[in-house]
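The values are calculated or read from the model by the stated rules, or taken from the named source; none is laboratory data. Quantities reported herein were computed from a predicted structural model and do not represent experimental measurements. Note that we place each Cβ from the backbone using ideal geometry, even for glycine, and neighbour counts take in every protein chain shown. Ligands, DNA and RNA are excluded from the accessible area calculation, which covers all protein heavy atoms including side chains. Shrake-Rupley method; radii C 1.70, N 1.55, O 1.52, S 1.80 Å.
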Amino acid sequence: MASAVAETRIIQAQDDDMKAAVREAVALLAAGEIVALPTETVYGLGADALNPAAVARVFEAKERPAFDPLIVHIGSVKQLDEVAVIPAEIEETVHKLISAFWPGPLTLVLPKTPQIPDLVTSGQPTVAVRQSANKVFRAIGKELGRPIAAPSANRFGRISPTSASAVLKELDGRIPLIVDAGACRDGLESTIVRIESGEKRPEIHILRPGPVTKKELQNFGRVVVEKKRLIDAPEAPGQLASHYAPRTPLLMFDDPREFRAEPGKRYGLLSYKEDPKAGYLGLHDWAVVEALSPGSGKLPEAAVRLFHVMRTLDEAGLDFIVAEPVSDVGLGQAIMDRLRRAATAGD
Ligand code: TXA
Ligand code: MG
């Protein structure tokens, strides 16, 4: 069980309040404390990546198994050398990806330096590293002057938080501070890739789909989407089949006609755009309907709202959530990845 702290405070970091919030977060991080921080993807639970005792607190607060390594966030590209070693054969590709996508939601898996504690990488010889684009996160990283290890700020296996209030629901009483910079821009965790030199062209292996899409990565090499679902030794345990799970069972069907309501149960519909043509709206007398992108059906809006809508439905006292699939292209691949994992919870 995670040890309790007296109180979890939320500090505003918008506009005029930013400096004071940054100062407070940096003071805690420098003292080996853990702090929930905004990033452009989801809120992270940050710790000084070079302080193993601080990193251990992250695992404790999240109840995260030690086999699941953390992402390290660097404040500047110069800091990359402190964290990772770039093999010569992939150096050119790594630099191209960095200039195209950093700061931003692309995480690179690279060989680690000896400075990175084994706890951060779960004993693996590689480290997952990215530079966040969030203004507040960047200011904190810069002032701290050290890399920040930060997994998503939810309890293990649960829905990632995209707002300070969602972090509070996950970690209240377990962490001293949440830095609130409003809703996250992207709403889905970063795309994680591993790079290989390949025979003819570089190979970019997607370990977790995210805001940087397969199509965007294809400009830099041959893209391979890893389908591995290893539970014992997961390559990116965010790939665990059951993850991002609401407490309410979530169902997804290849064809809406497969849905059969059990009498007396309350069902909620997680709709893409509340389009009757999708075949779900008229199927049942839903207790609640929540749309990811009401009316327009835009994938970026759906991505931003996904975890928020999952959480809202989870709190609605339903017996089941039925999720309409979205198109499995572009950003839709990352959304479908999260929905499928939410649907396999309890397997
Ligand atoms: O957008 C994000 O990536 C957010 C924000 C806070 O930066 N972070 C995030 O962290 O999603 P987390 O811990 O929830 O997911 C990190 C994933 C895990 O699935 C972990 O297994 C994988 O990254 N990972 C970390 N180190 C790895 C490594 N060396 N090799 C392969 N996968 C790794
Ligand atoms: Mg996570």
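Taking each DSSP H run with n ≥ 4 as -39500 (n - 2.57) and averaging over every residue of the chain yields -8000 deg cm²/dmol at 222 nm. With the gyration tensor restricted to C-alpha atoms of the range 15-106, the semi-axes of the equivalent ellipsoid amount to 26, 19, 13 Å, longest first.
Binning all Cα-Cα separations of the range 250-344 at 10 Å, short to long from zero, yields these whole-percent fractions: 17, 55, 26, 2. The phi-based Karplus calculation (6.51 cos²θ - 1.76 cosθ + 1.60; θ = phi - 60°) puts the 3J(HN,Hα) values of the range 61-67 at 5, 8, 6, 8, x, 5, 7 Hz, whole numbers, x for Gly and Pro. Taking chymotrypsin sites (Phe, Trp or Tyr not before Pro) across the range 1-94, the ones in a DSSP loop with at most 14 further Cβ atoms lying within 10 angstrom of their Cβ are Phe67. Computed 3J(HN,Hα) for the range 156-173, one whole-Hz value per residue from the Karplus formula 6.51 cos²θ - 1.76 cosθ + 1.60 where θ = phi - 60°, is 3, x, 9, 5, 5, x, 10, 8, 5, 5, 5, 4, 4, 4, 7, 10, 4, x, glycine and proline marked x.
How charged is the neighbourhood of Arg146? Take every other residue with its Cβ under 11 Å from the Cβ of Arg146, and add Lys/Arg as +1 and Asp/Glu as -1. Cβ neighbours under 11 Å give a net charge of -2. Computed over the alpha-carbon atoms, the chain gives an Rg to Rh ratio of 0.97, Rh here being the Kirkwood radius from the mean inverse distance. How many percent of the accessible area of the chain is carbon or sulfur, using a 1.4 Å probe? Result for the chain: 51 percent of the exposed heavy-atom area is carbon or sulfur.
Straightening the chain between Val289 and Glu91 buys 66.5 nm, computed as 0.36 nm per residue apart minus the Cα-Cα spacing. Loop-located GluC sites (Glu not before Pro) across the range 1-110 with a Cβ neighbour count of 16 or fewer within 10 Å are Glu7, Glu63, with loop assigned by DSSP. Annotation note: GluC sites (Glu not before Pro) in the range 129-215 located in DSSP loop regions with a Cβ neighbour count of at most 15 within 10 Å are Glu199.
Placing dummy labels 7 Å off each Cα toward the beta-carbon, the span from Arg257 to Ala31 is 6.4 nm.
In the range 31-71, the convex hull through the Cα atoms has an average projected area of 3.0 nm², a quarter of its surface area. For the chain, relative contact order (Cα pairs under 8 Å, six or more residues apart, normalised by length) works out to 19 percent. Under a model in which nothing but the beta-carbon of Lys, Arg (+1) and Asp, Glu (-1) is charged, the range 94-211 shows a dipole of about 140 debye around its Cα centre.
The charge dipole of the range 250-344, taken about its Cα centre with unit charges on the Cβ atoms of Lys, Arg (+1), Asp and Glu (-1) only, comes to about 140 debye. Among beta bridges identified by DSSP and lying wholly in the chain, the antiparallel ones come to about 40 percent. Surface analysis of the chain yields an accessible area of 43 Å² per residue, using protein heavy atoms and a 1.4 Å probe.
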